[in-house]
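A.B. asks: Before anything else, here's the structure in question.
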Amino acid sequence: AQVSLVEGDEVGQSGGRVAFGQVLEDSRCPVDAMCVWAGNAAVELGIRAGMGPTYSLKLNTNLEPRSTLWNGLRVTLLEVAPAPRAAEPTKPDAYIVRVRVETEGK
């Protein structure tokens, strides 16, 4: 399933729950600038099984890892929005991440 999450959101899937923690880095090329490299956004996600402890995952848009397999769940970072603008930095609470969460091997 593909889901969009804002900071603090959590989604459940058989085998675990995935939450959007924060954007750790956003060096993506602003839409109002010319860049040599597209850049990268790195996000921190939390993942847990049931009421167990939460594990931190770091996923990227243009660098590896873009996805991870945890406890039978494949979590893939698809997009970080909004696109950055040189004239106006994105506020942390304005970010939305789109992730795909799939059950593997069942």
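The values are calculated or read from the model by the stated rules, or taken from the named source; none is laboratory data. Here the structure is a predicted model, which means the values were calculated and not measured. Quick reminder, even Gly has a Cβ in these numbers, built from the backbone with ideal geometry, and neighbours come from all protein chains shown. All accessible areas refer to the heavy atoms of the entire protein, side chains included, with ligands and DNA or RNA removed. Shrake-Rupley method; radii C 1.70, N 1.55, O 1.52, S 1.80 Å.
A.B. asks: Which of the following residues is touching a helix residue (DSSP H, G or I) at 6+ places or on another chain (Cβ under 7 Å) and at pLDDT 95 or above: Val23, Val43, Val80?
C.D. replies: None of the other options fit; the residue is Val23.
A.B. asks: With the structure loaded, tell me whether Val11 is modelled with pLDDT under 95, open to solvent by 20 Å² or more (accessible area, probe 1.4 Å) and farther than 17 Å from Val97 by Cβ or whether it fails that test.
C.D. replies: Judged against the criteria, Val11 is not a match.
A.B. asks: Of the conditions (1) in contact with a Lys or Arg (Cβ under 8 Å, 6 or more places away or on another chain); (2) outside any strand (DSSP E or B), Ala42 fails just one. Which one is it?
C.D. replies: (2)
A.B. asks: Would you mention how many residues in region 14-32 are open to solvent by 40 Å² or more (accessible area, probe 1.4 Å) and over 12 Å from the mean Cα position of the chain (by Cα)?
C.D. replies: The total comes to 5.
A.B. asks: Where residues in region 92-106 are of a type outside the set (Gly, Ala, Ser) and over 12 Å from Val6 (Cα atoms), which of them is modelled with the highest pLDDT?
C.D. replies: Among those that are of a type outside the set (Gly, Ala, Ser) and over 12 Å from Val6 (Cα atoms), it is Arg100.
A.B. asks: Could you tell me whether region 68-84 includes any residue that is exposed (fewer than 14 other Cβ atoms within 10 Å of the Cβ) and within 20 Å of Gly15 (Cβ to Cβ)?
C.D. replies: So far as region 68-84 goes, yes, one or more of its residues are exposed (fewer than 14 other Cβ atoms within 10 Å of the Cβ) and within 20 Å of Gly15 (Cβ to Cβ).
A.B. asks: Need pairs with beta-carbon distance below 8 Å; first residue under 26 Å from Gly8 (Cβ atoms) and in contact (Cβ under 8 Å) with a residue 60 or more places away in the chain and within region 21-36, second open to solvent by 70 Å² or more (accessible area, probe 1.4 Å) and assigned to a loop (DSSP other than H, G, I, E, B); sequence gap 6+ or separate chains.
C.D. replies: Close Cβ pairs satisfying both conditions: Gln22/Glu7.
A.B. asks: For region 48-67, name all the residues that are in a loop (DSSP other than H, G, I, E, B) and exposed (fewer than 12 other Cβ atoms within 10 Å of the Cβ).
C.D. replies: Within region 48-67, Gly50, Met51, Gly52, Pro53, Glu64 meet the criteria.
A.B. asks: Those residues that are open to solvent by 90 Å² or more (accessible area, probe 1.4 Å), in a loop (DSSP other than H, G, I, E, B) and closer than 15 Å to Arg28 by Cα, I need them from region 88-106; list them, please.
C.D. replies: Once the filter is applied, which keeps residues that are open to solvent by 90 Å² or more (accessible area, probe 1.4 Å), in a loop (DSSP other than H, G, I, E, B) and closer than 15 Å to Arg28 by Cα, region 88-106 yields Pro89, Lys91.
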